[in-house]
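Right, one structure below, let's go through it.
Nothing in this text is a laboratory measurement; each read-out follows from the coordinates by a stated rule. None of the values given here were measured: they were computed from a predicted structure. Glycine gets a Cβ as well: all are built from the backbone with ideal geometry, and neighbour counts include every protein chain shown.
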Amino acid sequence: MSDKEPVSFNVTRLGIIVSISEEGSFSDNLVALKEKVLSNTKFFTGSPMSLDLGWREITSDDLVLLSGLLKEQRIQLQGIISSSLVTRKLAEGRGIKAIIGRLGLSEHYSRKAKVEEIPEHEKHAVPQEDTLMLRKTLRAGQKVIYQGNVVIQGDVNPGSEIIADGDIIVLGALRGIAHAGASGREDAAVIALVYEPMQLRIAHYISITGSSKPNRKKGALTARVENGKILLQPCGGS
Amino acid sequence: MGKVYVVTSGKGGVGKTTATANIGAGLAQKGKKVCVIDADIGLRNLDLIMGLENRIVYNVVDVLEGKCRNYRQALVKDKRSNNLFLLAADQTREKDAIKPDQMKRLCSTLREDFDYTLIDCPAGIEQGFKNAIAGCDEAIIVTNPEVSAIRDADRIIGLLEAEEKFNPRIVLNRYKKDMVKRNQMLSIKDVQDILGLEILGIVPEDERILKASNKGEPAIFDRNSRAGLAYKRIVSRIVDPTYPALNISEEGGIFRRLKNFLSKDEV
């Protein structure tokens, strides 16, 4: 999003997303927005609108101006998409919903985007869109069952269990039982910063790692099914 | 306003009762007014460890069922101290003889009357455990550097964490430095890696504990008991949280090795 029109918009399944350029003064861009709205009133009225501000950091005054404009044009603002924490906090402080979004996200969502424009990495996106992120250490006797991916910011102690349809990522020590791809997905992975599981399962494959200390491999490891069994590899790289 | 502590572990036989008796006695030695309660209904033994088994007339179930006018009737004063009191368990009943609410109310009363109340929790995670923790402010988790003890302690901590109070701290009991050195026993670091809690204290394995139990005289009164000394430290730390936990050196260093050589059994 660099050449820029100060204001551009896309129609998506989320409604209209209006992208405001990160360059130039905000008030100038707002003027451009007003013009766009005025010349397309039929289009804008009644449709839910979200504003994509990209990485722009706005000020309180900017927000006041914006709210004023929206009120004046009777536009229902659903929320703001921004990759700036400052902007998001400011918006939320004024009761405007703000979600984190990367640069040009609205274009990414656009129905009009042609096949070639879909970012390279989309091909590698894991089908399960739903990921549960837990900020806790799982203790003995605790169990997490989730229809998606699971990320744990903490340890998985011996005697605890994670069962997920998708991938399992442990940002800590995995010492309990992890079962990824529980519904049968063999391409699911289990990744842990410290890999010492009691038992590891991917789909219907089971791996019982040696529990004796000397076998402890150093570093973060990824477990995947390859050639009919579970293999461990250091994380990162390909 | 006093504080009510539960001394729990999950696993049986790790030293809860011993810890309760010694910590209670230690706090009383420091001039605090202490009440220790045996919540192990059906398998009582706190009274034995304290040598007070012959002096029990009423017990905690009697108090909660209203057989006493007042809980004070059931209190047994310690032989050695004027400010340490025992509320014994009932050996003839079972864990379901009392309910969490009853314990909660009893603890409210005790909180007013004593500086420290220690509840000796039974092993397990069922009704006995639930009763014991009901009225408590803080938890002391006693465990051994041994895999099943640690597993059970972790379970207990998980249950306590759900309530977000308790400030659970660990007493690592029956620690044997030599075995740790030879990699035959879990180290303090291993324990902390899994349990992830503050260590209140480390109590070394000590034959004198057995002697103390049989005599009915807690080891904290035995000047020659290393475990007793460890409990003294734990008591100091309870009263003053900035007091350092016993720092068992696991590293080398010539002065440390020399020191260890000279005082061979020092922990």
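Working only within the stretch B:145-172, note down all residues that are buried (at least 24 other Cβ atoms within 10 Å of the Cβ), more than 12 Å from the chain's Cα centre (by Cα) and either more than 10 Å from chain A (Cβ to nearest Cβ) or assigned to a strand (DSSP E or B) (or both).
B:Ala149
Just one of (1) touching a residue at least 24 places away in the same chain (Cβ under 8 Å); (2) farther than 24 Å from B:Leu229 by Cβ trips up B:Ile23, so point out which.
(2)
Pull up the stretch B:173-228, narrow it to residues that are of a type outside the set (D, E, K, R), farther than 23 Å from B:Lys30 by Cα and without any contact (Cβ under 8 Å) to a residue 40 or more places away in the chain, then point me to the one that is surrounded by the most Cβ atoms within 10 Å (Cβ to Cβ).
Among residues in the stretch B:173-228 that are of a type outside the set (D, E, K, R), farther than 23 Å from B:Lys30 by Cα and without any contact (Cβ under 8 Å) to a residue 40 or more places away in the chain, the one surrounded by the most Cβ atoms within 10 Å (Cβ to Cβ) is B:Gly196.
For the stretch B:76-97, which positions are surrounded by fewer than 21 Cβ atoms within 10 Å (Cβ to Cβ) and closer than 26 Å to B:Ala219 by Cβ?
B:Lys77, B:Lys79, B:Arg80, B:Ser81, B:Asn82, B:Asn83, B:Gln91
To keep it simple, each residue is scored yes or no on (1) in contact with a Lys or Arg (Cβ under 8 Å, 6 or more places away or on another chain); (2) of a type in the set (Val, Ile, Thr); (3) part of a strand (DSSP E or B).
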position	(1), (2), (3)
B:Val203	yes, yes, yes
B:Lys211	no, no, no
B:Ile220	yes, yes, no
B:Ala230	no, no, no
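Please determine whether any residue of the stretch A:163-170 is more than 13 Å from chain B (Cβ to nearest Cβ) and surrounded by fewer than 16 Cβ atoms within 10 Å (Cβ to Cβ).
Checked against the condition, which is being more than 13 Å from chain B (Cβ to nearest Cβ) and surrounded by fewer than 16 Cβ atoms within 10 Å (Cβ to Cβ), the stretch A:163-170 yields no hits at all.
Do we have B:Val61 as away from chain A (no Cβ under 14 Å), without any contact (Cβ under 8 Å) to a residue 40 or more places away in the chain, among the β-branched types (Val, Ile, Thr) and buried (at least 19 other Cβ atoms within 10 Å of the Cβ) here?
Against the criterion (away from chain A (no Cβ under 14 Å), without any contact (Cβ under 8 Å) to a residue 40 or more places away in the chain, among the β-branched types (Val, Ile, Thr) and buried (at least 19 other Cβ atoms within 10 Å of the Cβ)), B:Val61 qualifies.
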